[in-house]
Amino acid sequence: MNMMQPAIVLGILGIFICASQAAAEAPRAYRVGEVRVDPLLDVDRGMPVSIFSGASPEVTAALAPSGEAPSGIYAFVVRRGDRVILIDTGFGKADNPQSLLGRSLGQAGLRPEDVTHVLLTHLHGDHVGGLAKDGKAAFPNALVFVSEPEKNFWFDDAALAEQPDKLPGAGLARRNLGLYGDRVRTFRFGQEVVPGITAADAVGHTPGHTAFLLESRGEKMLFWGDTVHAAALQFPHPEICASFDMDKEQATTSRRRLMRMAAEENIPVAGAHFPAPAVGRVERAGDTFALKGF
């Protein structure tokens, strides 16, 4: 994989950039074979360690002494031929006035109407909020794809009745997907959703949580959504889970499996909650892992 020369070089100290920098400077773009990938910053914020469990307070304090782990909210654009594929949509302005999604899309040289496909890793608000703008479909020409088990859960009144805390999120997902009418499609794990992008099982964070494996000319990139919320905590300790993980045991199993695959096959990973630049490589460190840059 060769990194493209960015239109504006980022002056980054460390791995976490501030929102004012992000608003003024274009992020990096990457090449995967013949495909261009652009990370799109939606919201720049860390993850408080208080939302994580699975390790002692001493361990989390040592890994994130400030009490907050570097993180962010990212979407990704994949350009292949005449297809402009958006993976996740962030919060969008509907849910977070600090959203930079529109600005980030423009920095990548794109308009909302250019997007032909939206692939959703899952239906949490910080992934589907950007589907809407001013009560209308934010991407008027796009088909929207979500896994069958994910859609089935969030649209199942009986299942949600047993988890009433999920009702607000379900309402947002239903409203925003509803804006796309018959342009919403479902898929199953293992299916090629669009040419060159295959859906992979990443279940645990949500019932249909999906990772997308991009392949082009022998090169790959894995977009794994919320497999990791805090890289500083969860790479050295994959057993650590965020409170958002609905099935923590399954989320841990999926996290370890995807980390192993990325490390053993040297596949770069793109994380919706990685710190900038939101793309890296996974290295094995005994029974644990580490996130490295390029």
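Can you tell me how many residues within the stretch 204-220 are surrounded by 21 or more Cβ atoms within 10 Å (Cβ to Cβ), of a type in the set (Gly, Ala, Ser) and in contact with a strand residue (DSSP E or B) (Cβ under 8 Å, 6 or more places away or on another chain)?
Residues that pass the stated criteria total 2.
Can you name the residue in the stretch 42-55 that is assigned to a strand (DSSP E or B) and aliphatic (A, V, I, L, M) and is also farthest from residue 127 (Cα to Cα) among such residues?
Checked the stretch 42-55; the qualifying residue farthest from residue 127 (Cα to Cα) is 47.
Taking the options 64, 55, 69, name whichever one is open to solvent by less than 20 Å² (accessible area, probe 1.4 Å) and over 21 Å from the mean Cα position of the chain (by Cα).
So the residue among 64, 55, 69 that is open to solvent by less than 20 Å² (accessible area, probe 1.4 Å) and over 21 Å from the mean Cα position of the chain (by Cα) is 64.
Filter the stretch 250-281 down to residues that are assigned to a loop (DSSP other than H, G, I, E, B) and aliphatic (A, V, I, L, M) and give me whichever is nearest to residue 207 (Cα to Cα).
Within the stretch 250-281, the match that is nearest to residue 207 (Cα to Cα) is 272.
Checking residue 16 against (1) within 14 Å of residue 276 (Cα to Cα); (2) among the hydrophobic types (A, V, I, L, M, F, W, C); (3) modelled with pLDDT of 85 or more, which single condition isn't satisfied?
(3)
In the list 129, 135, 225, which residue meets the criterion of being crowded, with 21+ Cβ neighbours inside 10 Å and on the phi > 0 side of the Ramachandran plot?
225
Across the stretch 148-203, which residue is least open to solvent (accessible area, probe 1.4 Å) among those that are in a loop (DSSP other than H, G, I, E, B), within 15 Å of residue 123 (Cα to Cα) and among the aromatic types (Phe, Trp, Tyr)?
Looking at residues that are in a loop (DSSP other than H, G, I, E, B), within 15 Å of residue 123 (Cα to Cα) and among the aromatic types (Phe, Trp, Tyr), I get 180.
Taking residue 113 as the residue in question, decide whether it is charged (D, E, K, R), under 16 Å from residue 225 (Cβ atoms) and modelled with pLDDT of 95 or more.
no
For residue 78, are the conditions met, namely being free of Cβ contacts under 8 Å to residues at least 60 places away in the same chain, among the β-branched types (Val, Ile, Thr), closer than 25 Å to residue 173 by Cα and crowded, with 21+ Cβ neighbours inside 10 Å?
no
The values are calculated or read from the model by the stated rules, or taken from the named source; none is laboratory data. Just so it is clear, the model here is predicted, and its values are computed rather than measured. Here Cβ is always computed from backbone atoms with ideal geometry, including for glycine, and neighbour counts include all displayed protein chains. Areas reflect the complete protein model, heavy atoms only, side chains present, ligands, DNA and RNA absent. Shrake-Rupley method; radii C 1.70, N 1.55, O 1.52, S 1.80 Å.
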